[in-house]
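Just below is one structure, and these are the notes that go with it.
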Amino acid sequence: MSDSFLKYLKFEKRYSPKTVISYQTDLHQFQEFLNKEFDNTPSDQANHGLIRSWIVSLVENKLDAVSINRKIACLRSYFKFLIKQGVIAKDPTAKIKILKTKKKLPHFVQEGDMVNVLDHTVFQTDFDGTRDQLILELLYGTGMRLSELIGLKDSSFNIRTRTLKVLGKRNKERVIPFTENLVKLIEGYLAMRNKEVEKKNDSFLVVKSGAPLYPVLVNRIVKKYLQDSNVEKKSPHVMRHTYATHLLNKGAEINAVKDLLGHTSLAATQVYTHNSMEKLKKVFDQAHPKA
């Protein structure tokens, strides 16, 4: 039944390939545990006790709580699917509780550092330099995910309305506005790309050979230009955190930020308010006579 479940995630739930692979790995590890400890019991016949034993073994092996919670989420989805298919009648994960995790504030680049990177970096005037500058401006100017950046097509952009369409998680499309400054960068990049590069598909962002942009290269580009910033982690996702934090710091309404980021729940966006509160606390400490 696990193969049917994975096809269900891929084609009906439209989970990303990365998520499907993670779920496949989790189910495989669960079945291996059952084979070793419980006489090859099939995963679709596992009860509450067997599932709890697996979780205990993961804890004893010092797997971090976030990873264990993801495996619990996988099993919950799996057994709900089995109920839907009529394979089982009761959900054996119903009384399984997730583990407590430490809340980590998202890393983000300070506004001054971000201004220095975007406004004072001397980018090369060749194709790579022009593209790299556009990548940084797109990530910071729209808050899009790495996968959404790579998935951009020429048709994603509407220069007249200064908006672009991205395909987010579970194939959900959303529209993001962008600044006048980005218009000039987009047009400059397109002029150079169309002159110097022979495209091999409909991707907007490409390498010099014409092949589409790939994740490792984008990570490398972001790390290169953020190397002098104060942020501990330097990645495209940190640029997304920076976009959200700076919007909230400037007074943006949280529901609007939620829609811009493509979050399905407000809880996912609220984590950024903690960063905003830390900034307010610093202002208070510096300015209030009794602080």
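The values are calculated or read from the model by the stated rules, or taken from the named source; none is laboratory data. Only a predicted model underlies this, so the values are computations on that prediction, with no experimental measurement involved. With ideal geometry, Cβ positions are generated from the backbone for all residues, glycine too; neighbour counts draw on all protein chains shown.
Quick notes on this one:
- Evaluating Gly210 against the criteria (1) in contact with a Phe, Trp or Tyr (Cβ under 9 Å, 6 or more places away or on another chain); (2) on the phi > 0 side of the Ramachandran plot leaves one unmet condition, (1).
- Looking only at region 239-258, and only at residues there that are closer than 27 Å to Asp132 by Cα and out of contact with any Ser or Thr (no Cβ under 8 Å at 6 or more places or on another chain), the one that is surrounded by the most Cβ atoms within 10 Å (Cβ to Cβ): Met239
- Search result, residues across region 178-188 that are buried (at least 16 other Cβ atoms within 10 Å of the Cβ) and part of a loop (DSSP other than H, G, I, E, B): Phe178
- Of all residues in region 242-255, those satisfying the criterion of being under 15 Å from the mean Cα position of the chain (by Cα) and closer than 11 Å to Gln110 by Cα are Thr242, Tyr243.
- Condition met for Tyr15 (surrounded by 13 or more Cβ atoms within 10 Å (Cβ to Cβ), in contact with a Leu (Cβ under 9 Å, 6 or more places away or on another chain), in contact (Cβ under 8 Å) with a residue 60 or more places away in the chain and closer than 30 Å to Arg145 by Cα): yes
- Close pairs (8 angstrom Cβ cut-off, 6 or more residues apart or separate chains): under 12 Å from Asp128 (Cα atoms) in region 193-218, assigned to a strand (DSSP E or B) anywhere: Arg193/Val206; Val197/Val206; Leu205/Pro212; Val206/Pro212; Leu213/Ser203; Leu213/Val206
- Candidate set from region 189-233 (those that are in a loop (DSSP other than H, G, I, E, B) and among the acidic types (Asp, Glu)); member that is nearest to Gly151 (Cα to Cα): Asp202
For (1) without any contact (Cβ under 8 Å) to a residue 60 or more places away in the chain; (2) closer than 25 Å to Lys208 by Cα; (3) touching a Leu at 6+ places or on another chain (Cβ under 8 Å); (4) in the same structural domain as Leu58 (by TED's automatic domain parsing), each residue gets a yes or a no:
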position: Cys74; (1), (2), (3), (4): yes, no, yes, yes
position: Ala89; (1), (2), (3), (4): yes, no, no, no
position: Leu99; (1), (2), (3), (4): yes, no, no, no
position: Lys104; (1), (2), (3), (4): yes, no, no, no
position: Asp119; (1), (2), (3), (4): yes, yes, no, no
position: Phe123; (1), (2), (3), (4): yes, yes, no, no
position: Gly141; (1), (2), (3), (4): no, yes, yes, no
position: Ser155; (1), (2), (3), (4): yes, yes, no, no
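- Considering region 18-35, the residues that are exposed (fewer than 15 other Cβ atoms within 10 Å of the Cβ) and of a type in the set (S, T, N, Q) include one that is farthest from Arg70 (Cα to Cα), namely Asn35.
- Boolean, Asp202 is surrounded by fewer than 15 Cβ atoms within 10 Å (Cβ to Cβ), over 30 Å from Val56 (Cβ atoms) and modelled with pLDDT under 95: yes
- All positions within region 1-22 that are over 18 Å from Lys84 (Cα atoms) and outside any loop (DSSP other than H, G, I, E, B): Pro17, Lys18, Thr19, Val20, Ile21, Ser22
- Residue in region 159-170 that is part of a helix (DSSP H, G or I) and closer than 29 Å to Pro17 by Cα present: yes
- Number of residues in region 175-196 that are touching a strand residue (DSSP E or B) at 6+ places or on another chain (Cβ under 8 Å) and modelled with pLDDT under 95: the value is 0.
- Within region 89-117, being more than 22 Å from the chain's Cα centre (by Cα) and not in a loop (DSSP other than H, G, I, E, B) holds for Gly112, Asp113, Val115, Asn116, Val117.
- Scanning region 225-237 for residues that are surrounded by fewer than 17 Cβ atoms within 10 Å (Cβ to Cβ), within 18 Å of Val115 (Cβ to Cβ) and in contact (Cβ under 8 Å) with a residue 60 or more places away in the chain returns Asp228, Asn230.
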